[in-house]
Amino acid sequence: MKQWTASPERTKPVIVTLADGINQSVESIEIKDSQCTAVVNMDSFLYPTLQVREGSTLFSQHTGYINRIFKFLGVWYCGNARGVYKQSGASWVAVYEYGDTNNNRLWDAAMFFDGSKLYFIDGSLQLRQYDGSTLTTLGSAPANSAFMTTHANRFYLANRADNLLSYSGLRLADDWTSPNKYTGTGKITIETPDGEKPTGLVSFANHVILFKKYTLHELFGEDSTNFEMKNPFNVGCISDRSIVQTTEGLLFFLASDGIYVYMGGAVPTKISDPIQNYIKQINLTYAQHCVSGTDGRFVYLSLVTGSATTPNVTLKYDLQRHSWWVESYVATSFYLDGQTLYYGTADGKIMKVGGVNDSGVPITWSIETKPFSESDETVRKAIHRIWLVADIEVGSTLSISYAGGTESGTWNQVYTTNNGTGQIQSIKIPVIVRTPETWYRLKINGTGKVKIHRIIRELSRRGS
Amino acid sequence: MGQVIMPSVQGSTTLEEVKNTVAIMIKELSWLLNNLDTRNVNELNAEVITALSITAEKIAADAITAEKIDVNELSAITANLGHITAGLIEAVNIFGSYIATSKSYPRCEMSSTGNVFGAFSSAQHYIAIDPAYAGTPALKFYYAGLELGRINNMSGVMDIVGTGGIDLYTGSDNLRIPSFGRVVSATGQNLGVELDGKATAGISTSMSGAANGGIPIGTVFKDVNGVNHTWNGVPLHSHAQN
């Protein structure tokens, strides 16, 4: 940023990009100029260009609260509040179905070894095995299992009611009784003084990791002769569904105080301070419904906040730029198929991410900048001109407003265009705004596909 | 301890990644050093093994060969040897509570209890030596589980007892003794009957034998003194039988 010069220069240009995401970790005047205080449906995929997020289309319509999506043997499956279903043409066929609907029926599913068998549980249903046509109950598996993972040729199960981590026989997902000390089964007790029970289970960085609300436990060893559960970190997880691994070897999970990233060695690092206002609103009673997913560039996170009982806000984290963004849709489950992200919704939709609009509807977007003072809070400023270097697609709209002060206040729209050109252009917005205070904020909003490269503000000291 | 996977330092491009790599190495190496096993040790010198710490469960079946055992006498092994299969046993003294020539019949048995020696054609048909039949050894004969005969010296003389009789086979002529009163030859001669037809030893014969000796009764003889004696003949008399 260009500083005010000592000479009595009347105006100066201030150039900023806006692609560093939302930041709620400190007072708004302290965040970077390139960060924002509020944003909807924009992201940093083309950093440093700020752009409207990708759109989505309806992939399939099912019913209820879709809390699990996955593919098995090339066929789409989903779990909702009633059962587990597989796609058959345009319809969904029940693999297992209850007689009632219960939103707390959160499905966990995994394939074992060569991927020829599907296993699923929901916290009360006995472990089921499905080969694509025949459903089998594995009666010897621990009852009421809620979490599952596979690691080093074994199947691991845990539930919400006790401190046991059960493991299957070597390469035998249906063997939960063999006593052989090398190839057999067993249970590992993971007790913690806080009395908390397991909240998540994942295989990561060559270890099985069992989470409790406030602790992370890593399993070392490979059979009963040397299994040892270690508790390296007092960071826990409040939702098994929030645990997500990225291709870069990072493990993201939602703890009671924020989102952490674990690389397998050093202490997990909290990365959610920029969205702490959302984190503080998490409804811990229904925190197990919070869910994450990734498309390789962003980690998506849907939170249950306020009095909601299922996810009601979706955010995403740029793995490259470490910035946070807020989405307008609410996803209740995620699945990455190749390079395409799919997400489920609470009303039975399975959406496919891609395109420039949401099922044909232009995406409504907005961003609010920090309160600018140009590093001098001793004088009031006047905005003479604003240049917006942007690429507004044909049919898209863009408006610019300003407001004085550091928060609230009335937004005064100073520019709007109802139709872009599809070309990068420098839009000169001739306004003369005399801010009544030393602080002023900008809001840029619109609909449709827009890329904002930078904003140039021409300012002057009032009275100079 | 099994496979240990160390992180690749080459992939570490930031300070955070280097710190993470070090942290992974610390925890993996700590685990490794506390859980070493054969997959993590190339060679181990036995000198570092604590004396008397190798227990039987650590030794695999068939692992110890005879050449690895150095004892002058197997009596150094004081444990119950259990079930032993041997091709040849040569010994100066063998003591055992039960020794048999076979697990099935026929067989001979030696036992430290009951009958010390027996020869069995079956469990019911056998002969046995009872070391203490009324205080002296006896040879007993069993048929169908019942003792049918016995040879013993309990009374200081040789006793041959046959319950239900004794048959003596002499080859050319046989003798059966069903009872004292019946000793029967192979031709059916009954000793009792035969003896019944003989004089009883010690019993005097009946009175008989009166005779005149060739001198008529009443003949008078004078002795050298001139005394007369009248001849009455030989009177009735009996003889004691031997």
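Read the figures in this text as sums done on the coordinates, not as results from a lab. Bear in mind that the values here come from a model prediction, so they are computed numbers and not experimental data. Backbone-built Cβ (ideal geometry, glycine too); neighbour counts: all protein chains shown.
Summary of values
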| item | result |
| --- | --- |
| Estimated [θ] at 222 nm from DSSP helical runs (n ≥ 4, -39500 (n - 2.57)) normalised by residues in chain B, nearest 500 | -3500 deg cm²/dmol |
| Among B:Thr14, B:Thr170, B:Thr187: highest mean-square fluctuation, GNM of chain B, C-alpha pairs under 10 Å | B:Thr14 |
| Residues B:Cys108, A:Cys290, sorted so that the one with the fewest Cβ neighbours within 10 Å comes first | B:Cys108, A:Cys290 |
| Placed amide H near A:Ser60: partners under 5 Å, 5+ positions off or other chain | A:Ile350 |
| Value at 222 nm in deg cm²/dmol, rounded to 500, when DSSP H runs of n ≥ 4 in chain A each add -39,500 (n - 2.57) | 0 deg cm²/dmol |
| Shielding of B:30-42 by partner chains, average beta-carbon count, 10 Å | 2 |
| C-alpha center-to-center spacing [the stretch B:12-40, the stretch A:83-104] in angstrom | 44 Å |
| Residue exposure sequence - A:Trp176, B:Trp231 - by fewest surrounding Cβ within 10 Å | B:Trp231, A:Trp176 |
| Other-chain or far-sequence residues with amide H under 5 Å of B:Phe117's (modelled H) | B:Ser111, B:Ile129 |
| Residues with amide H under 5 Å from that of A:Gly236, placed H, sequence gap 5 or more | A:Thr215, A:Ser256 |
| Choice from B:Ala100, B:Ala60, B:Ala186 with maximal GNM fluctuation in chain B (Cα, 10 Å cutoff) | B:Ala60 |
| The stretch A:87-103 - phi-based ³J(HN,Hα) in whole Hz, Karplus 6.51/-1.76/1.60, Gly and Pro as x | 7, 9, x, 8, 10, 10, 10, 5, 8, 8, 9, 7, x, 10, 10, 8, 5 |
| In sequence order, calculated HN-Hα J values of the stretch A:218-234 (Karplus, 6.51, -1.76, 1.60; Hz; x Gly/Pro) | 10, 8, 10, x, 9, 7, 5, 6, 9, 4, 8, 9, 10, 10, x, 9, 8 |
| Table column - 3J(HN,Hα) (Hz), the stretch A:118-128, Karplus curve with 6.51, -1.76, 1.60, x for Gly and Pro | 10, 10, 8, 8, 9, x, 9, 6, 4, 3, 10 |
| Candidates B:Thr113, B:Thr136, B:Thr65: whichever shows maximal mean-square fluctuation once chain B is modelled as a Gaussian network with Cα springs under 10 Å | B:Thr65 |
| Shielding by partners - mean other protein chain Cβ count within 10 Å, residues of A:219-226 | 4 |
| Peptide ranges B:124-131, A:218-225 listed from the most packed, as the mean C-beta count within 10 angstrom indicates | A:218-225, B:124-131 |
